[in-house]
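Here is the structure we will look at.
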Amino acid sequence: MAAALEAKRLGLRFVVFEASQPFATIVNFPKGKPIYTYPTDLKPAGDFSLQAAVKEDVVAELETQRIAAGIEPKQVRIEQLERKGDLI
Ligand SMILES: Cc1cc2nc3c(=O)[nH]c(=O)nc-3n(C[C@H](O)[C@H](O)[C@H](O)COP(=O)(O)OP(=O)(O)OC[C@H]3O[C@@H](n4cnc5c(N)ncnc54)[C@H](O)[C@@H]3O)c2cc1C
């Protein structure tokens, strides 16, 4: 998703393929799981940002940013990647 955000910022054509659902790994964390995030004085590279510290709030924050950026993954499980000219 961070790569998609960056691709969008650069005006590149891209597609996000997602086998399950956006942020599936975090969505599947146990209910109420505390999230260990980055130190508050660290500014991560990339445009996603997080303030929340509990699973549900983290998912909500990420989803808000994904939707605002208009990133809509195609729900597909990728089985194989091939290069064809400039395309993967
Ligand atoms: C139990 C647990 C607790 C954790 N707690 C923390 C924490 O507190 N703090 C922290 O910073 N990190 C934590 N992590 C680590 C954190 O979840 C991962 O570092 C982070 O999710 C990795 O992000 P990612 O986007 O690289 O990969 P992922 O989040 O794994 O995303 C990969 C995505 O690709 C999709 N996918 C997989 N295969 C295919 C395919 N063939 N075709 C299409 N889509 C596919 C998956 O559905 C998934 O949505 C935890 C991880 C686990 C498992």
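Values quoted throughout were computed directly from the atomic coordinates according to the rules given, and no laboratory measurement underlies them. Note that the structure is a prediction, hence the values are computed from the model and not measured. When we count neighbours, we look across all protein chains shown, and the Cβ atoms used for this are built from the backbone with ideal geometry, even at glycine.
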Note to self: Beyond a 31 Å Cα-Cα separation, which of these cross-linked pairs lie in this structure: LYS33/LYS84; LYS31/LYS84; LYS33/LYS74?
What the structure shows: LYS33/LYS84; LYS31/LYS84
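Which whole-number percentage describes the relative contact order of the chain, with Cα contacts under 8 Å and a sequence gap of 6 or more?
Working: 85 pairs, mean separation 35.0, N = 88.
Relative contact order, the chain: 40 percent.
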Next item on the list: Please work out the Cα center distance from the range 1-22 to the range 51-88, rounded to the nearest Å.
Entry: 6 Å
Item checked: Two-decimal log10 I(q)/I(0) for the chain, as the Debye equation yields it once each C-alpha is a single scatterer, q = 0.15 Å⁻¹ -> -0.68
Next item on the list: Would you be so kind as to identify which of LEU62, GLN80, LEU5 lies farthest towards the positive end of the dipole of the chain, taking Lys and Arg as +1 and Asp and Glu as -1 on Cβ and the Cα centre as origin?
Entry: GLN80
Margin query: Quick check: pseudo-label points 7 Å beyond the Cα along Cα→Cβ at LEU42 and ARG9, how many nm apart are they?
Written below: 1.8 nm
Notebook entry, point to check: What residues qualify as long-range amide H neighbours of VAL54, i.e. H under 5 Å apart, gap of 5 or more or another chain, H built at 1.01 Å from N?
Noted result: ILE35
Checklist line | Sites matching trypsin sites (Lys or Arg not before Pro) across the range 4-50 that sit in DSSP coil, with at most 10 neighbouring C-beta atoms within 10 Å | finding: ARG13, LYS31
